[in-house]
1. When volume of the Cα convex hull per residue in Å³ is calculated directly from the model, which label among (i) 160; (ii) 233; (iii) 177 fits?
2. Work through the residues other than Q377 whose Cβ is under 14 Å from its Cβ and net out their charges, Lys, Arg +1 and Asp, Glu -1.
3. Each label point is 7 Å from the Cα along the Cα-to-Cβ direction; what then is the distance between the points at S371 and I546, in nm?
4. Note the angle between two axes, namely the Cα long axis of helix 349-361 and the longest principal axis of the Cα atoms of the chain, as a number of degrees from 0 to 90, rounded to the nearest 10.
5. Name the long-range amide H neighbours of C182: under 5 Å, sequence gap of 5 or more, or other chain; modelled H, no Pro or chain starts.
6. Can you tell me the orientation of helix 374-384 relative to the chain, as the angle in degrees between its alpha-carbon axis and the longest Cα principal axis, to the nearest 10?
7. Using a 1.4 Å probe on the protein chains only, how many percent of the accessible area of the chain belongs to carbon and sulfur?
8. Amide H of E101 versus every other amide H placed in the peptide plane: which residues, excluding those fewer than 5 positions away on the same chain, fall under 5 Å?
Amino acid sequence: MGGQTRHQVGGSSRARILGETMNDEHEGAILTHQPCGDCGSSDALSEYPTHTFCFSCRKHSWTTDGGEAAPKDDARPTGKVQIIARRQLKHLGTLQRYVVETDAGGATLFHYFSSPAVWQATKVRPSADNKDNIHWVGNASKPPLYGAYLQKPTARKSLVIAEGEFDALTLANELPLDRYHCVSLPGGTASVAGVLRDHWDYLQGWREVILAGDNDEPGLEAIDTLANALVDSVPVAIVQWPSDIKDANEAHAKGHDIVALVEGAAPFRPSNIHDMHDLIPSLSKPIDYGLPIMFEGLSDRLGGYRAKELWTIVAGTGVGKSTLVGHLTLDLLVNHGKRPGIMFLEENSEHALRRLLGIHMRTNLLRPNSSVSTREQIEAAEKLFPPGTCYTYDHFGNVGSEALLQRMSYMANAVQCDYIILDHITMASTLPLGGGNSQLTERQGIDALTTEIRSRIVEGCGVGVIMVSHTRKPTNGDHSDGSAPVRMSDIRGSGSIAQMSDAVISISKSKDTAGDIVKNAVDLAVIKNRFSGNVGPAGTLIYDDIQGRLADSTAL
């Protein structure tokens, strides 16, 4: 089937294909544009010092005394072109075109050429197909794809890449020559990186690259590597072998239609690209609104805590950002059984312990003359913080950006924190990433660190991050006393925090109807909500300085 189909090429189409293929391929030729006695072409044959090559029928004819064995090029091993019955390769035309020979001992000789005129190396495969005894002769340091020299890249053909030579020959024997060119990896799956590095140019310029590798774990990994590397430069498709079939040669031997399998190759899409239609079944899944937040107004706006999101709490100085994140930390730990990682950069870990414990015990342990005994504190802390439930970062004044990111990564990966609480990003953004000597401006530092937190920690580690940010001084009024509202544009930096955050929560001093500040009361507002878009006021919280706790005003 394949042999007959390959020769069904019209005159003008064949001439066009030959013109593309023969350009710049005559290097080393003695005579060019000669007639071919095998296919009848009037000008497709070129004569080289050791052989002739027809750019029409792709056949080599070696210059020999008896015409049976090809002569040596330096140390090139030789043999005869003959059918390979054990591999169901019975069409001499394909074997001649790829110069596949069998030596006196029955070994198969796969010759690799850097061009039609230049032999580079030969892979010798023993007759028993024992891969342990496969060896190379010649220069095998950077071998090309097997059979690559037979066809330059062209937008009128698809390149089919198999894992081994026998598979490439099987495909070449079955597929139409005017539509496909078949090659294989020179060293199997282990040669993928080298092929991409050394022969990248050859892989470009085709109508399509079709990957027809082996249907096993190493083969599938190699296919994935090639597909992801090539998909940005050329369309890629992947042949799906039947589940009980390993490769092209086995598929042919068991009677499968190779042409149908290759023509049915599925277009490759990277794992994060979806056809929207394929996502329709997900509509039957319930929406994950997250874990409810202890403050009703925030829960109503945001839905709840969700992993892999970055939230930013922003307010002026002294308004209550640290107090709010302390409550959210305990909410995650106590009410939801989540493991928080705490990075309170404006206080040491012992101070943070007392502050969080006081919130939990409903008494401000940092006030002078606290009525709670040391023993009571220790007993409560043992219950609140069993081993492995909460981690804190004691920065000792070292808050360089890269050091901070490394500790965040440790919390997420090594001790499996579900959420990381960072208070605050401004303090950690004044040193350059990567340990460089040049100082970044505050704006540059905030932008760079926020981007890394989003990519390396939230997306890379899959955790939720709740961080605090300061505001820049407004043109009129003050964020600290409530005389100026907090807007997205007021966040420190050039805009990266607002852009990278999934949610932005603002805190401002609460005022009564007369415009006077209400003591110990703050208003919450959600000014960004990527999850649902539900933004606006999110309730009023009242601070009890005796208990050191915040409470919803509606619950009082």
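1. Given (i) 160; (ii) 233; (iii) 177, the calculated one carries the label (ii).
2. Result for the local shell: +2.
3. Once both label points are built, they end up 0.8 nm from each other.
4. 60
5. When sequence neighbours closer than 5 places are left aside, the close amide H contacts are V160.
6. 30
7. Answer for the chain is 50 percent, counting heavy atoms of protein chains only.
8. L109, H111
The values are calculated or read from the model by the stated rules, or taken from the named source; none is laboratory data. Bear in mind the structure is a predicted one, so any value in this text is a computation, not a measurement. Virtual Cβ from ideal backbone geometry, glycine too; neighbours counted across all protein chains shown. In case anyone asks, the SASA skips ligands and DNA or RNA and just uses the protein heavy atoms, side chains included. Shrake-Rupley method; radii C 1.70, N 1.55, O 1.52, S 1.80 Å.
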